[in-house]
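To start, the structure under review is shown below, and the notes come after it.
The values are calculated or read from the model by the stated rules, or taken from the named source; none is laboratory data. As the structure is a computational prediction, the values presented were derived from the model and not from experiment. Here the Cβ is made from the backbone with ideal geometry for all residues, glycine too, and neighbour counts use every protein chain on show.
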Amino acid sequence: MTTSDWLIDIALLLVVFRQMREERLTARTILLPLALVGWAAGHYLHGVPTAGHDLALVALFTAAGVAFGVAGGLLTRVRYADGHVRIRAGLGAAALWVISMGFRLGFAVWSSHPSGERHLAHFSAAHDITSGQAWVSSLLLMAFGEVVFRLGTIVVRGQLLAARGARGGQSAPRADLYA
């Protein structure tokens, strides 16, 4: 792994840890994680292989990312106060993010060592995974799915609260929407 690989992984971890402190839901809150994942996708995603069982691997990892993302979005506290949607990642949301990021980071480190390369080559051959790019695509789309669906879940929850607040004329009273 290169220095930029480590930096992007650390930045993505810090995004969620930063959200453990309550903040307003803003465009920056949404765009920063999307920009980080977009950079990684642009840098590493060079197509999605479809030979053999490559597409099944990609679909499985992407589905896992989506599941982690929705769960993380539901475990994030979303509330409407003083005319703004406010969010705070709970311990559960942060734990899910650390687990998924840790898995991807650990996999990348493991697969770059000789024994990991051998095991991965053997597993790939036994399961008709035809290229290393299938693994790269799978891990990237897992991360992308997690980020997009976590943010999407939070935004939808925030919009529901904001709509309730606007209908009820609430600007100062609090309304909470928990997982």
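Scanning for something loosely packed, with under 15 Cβ neighbours inside 10 Å, aliphatic (A, V, I, L, M) and modelled with pLDDT under 90, does the range 150-162 turn up at least one residue? Scanning the range 150-162, I find no residue that is loosely packed, with under 15 Cβ neighbours inside 10 Å, aliphatic (A, V, I, L, M) and modelled with pLDDT under 90, so the answer is no. Checked against (1) exposed (fewer than 15 other Cβ atoms within 10 Å of the Cβ); (2) modelled with pLDDT of 90 or more, TYR178 meets all criteria but (2).
Report whether or not ARG24 is modelled with pLDDT of 85 or more and either touching an Asp or Glu at 6+ places or on another chain (Cβ under 7 Å) or surrounded by fewer than 17 Cβ atoms within 10 Å (Cβ to Cβ) (or both).
Details: modelled with pLDDT of 85 or more: yes; either touching an Asp or Glu at 6+ places or on another chain (Cβ under 7 Å) or surrounded by fewer than 17 Cβ atoms within 10 Å (Cβ to Cβ) (or both): yes.
The answer is yes for ARG24.
When the range 80-100 is filtered for residues that are surrounded by fewer than 19 Cβ atoms within 10 Å (Cβ to Cβ), closer than 12 Å to LEU25 by Cβ and touching a Leu at 6+ places or on another chain (Cβ under 9 Å), the ones remaining, listed by number, are HIS84, ARG86.
Within the range 1-57, can you find the residues that are acidic (Asp, Glu) and touching a helix residue (DSSP H, G or I) at 6+ places or on another chain (Cβ under 8 Å)? Write out each step before concluding.
Step one: list which residues in the range 1-57 are acidic (Asp, Glu), which gives 5, 9, 22-23, 54.
Selection gives ASP5, ASP9, GLU23, ASP54.
Take the conditions at pLDDT below 90, within 29 Å of ALA134 (Cβ to Cβ) and touching a strand residue (DSSP E or B) at 6+ places or on another chain (Cβ under 8 Å) and apply them to VAL16. Does it pass? It is true that VAL16 is at pLDDT below 90, within 29 Å of ALA134 (Cβ to Cβ) and touching a strand residue (DSSP E or B) at 6+ places or on another chain (Cβ under 8 Å). Filtering the range 1-54 to residues that are among the small types (Gly, Ala, Ser) and under 13 Å from the mean Cα position of the chain (by Cα) leaves ALA11, ALA35, GLY38, ALA40, ALA41.
For the range 118-131, enumerate the residues that are assigned to a helix (DSSP H, G or I) and in contact (Cβ under 8 Å) with a residue 12 or more places away in the chain. Break it down stepwise before answering.
As a first pass, look at the range 118-131 and keep what is assigned to a helix (DSSP H, G or I): 118-126.
Correct list: LEU120 only.
Within the range 102-126, being surrounded by 12 or more Cβ atoms within 10 Å (Cβ to Cβ) and closer than 18 Å to ALA59 by Cα holds for PHE103, ARG104, PHE107, SER124.
Restricting SER100, SER115 to residues that are among the hydroxyl-bearing types (Ser, Thr, Tyr), in a helix (DSSP H, G or I) and over 16 Å from ASP9 (Cα atoms) narrows the list to SER115.
Considering only the range 75-93, state which residues are outside any strand (DSSP E or B) and under 14 Å from GLU23 (Cβ atoms). Full working, then the answer.
Step one: list which residues in the range 75-93 are outside any strand (DSSP E or B), which gives 75, 82-83, 90-93.
ASP82, GLY90, ALA93, listed by residue number.
Taken over the range 132-143, residues that are farther than 20 Å from ALA95 by Cβ and either in contact (Cβ under 8 Å) with a residue 24 or more places away in the chain or in contact with a strand residue (DSSP E or B) (Cβ under 9 Å, 6 or more places away or on another chain) (or both) amount to 8.
Looking for whichever is touching a strand residue (DSSP E or B) at 6+ places or on another chain (Cβ under 8 Å) and of a type outside the set (Ser, Thr, Tyr) here; the options are LEU96, LEU31, LEU55, LEU75. Which one fits?
Values: LEU96 fails: touching a strand residue (DSSP E or B) at 6+ places or on another chain (Cβ under 8 Å); LEU31 fails: touching a strand residue (DSSP E or B) at 6+ places or on another chain (Cβ under 8 Å); LEU55 fails: touching a strand residue (DSSP E or B) at 6+ places or on another chain (Cβ under 8 Å).
On inspection, the qualifying residue turns out to be LEU75.
Which of the residues that make up the range 41-66 are among the small types (Gly, Ala, Ser), touching a residue at least 12 places away in the same chain (Cβ under 8 Å), surrounded by fewer than 21 Cβ atoms within 10 Å (Cβ to Cβ) and in a helix (DSSP H, G or I)? Residues satisfying the conditions are ALA41, ALA63, ALA64.
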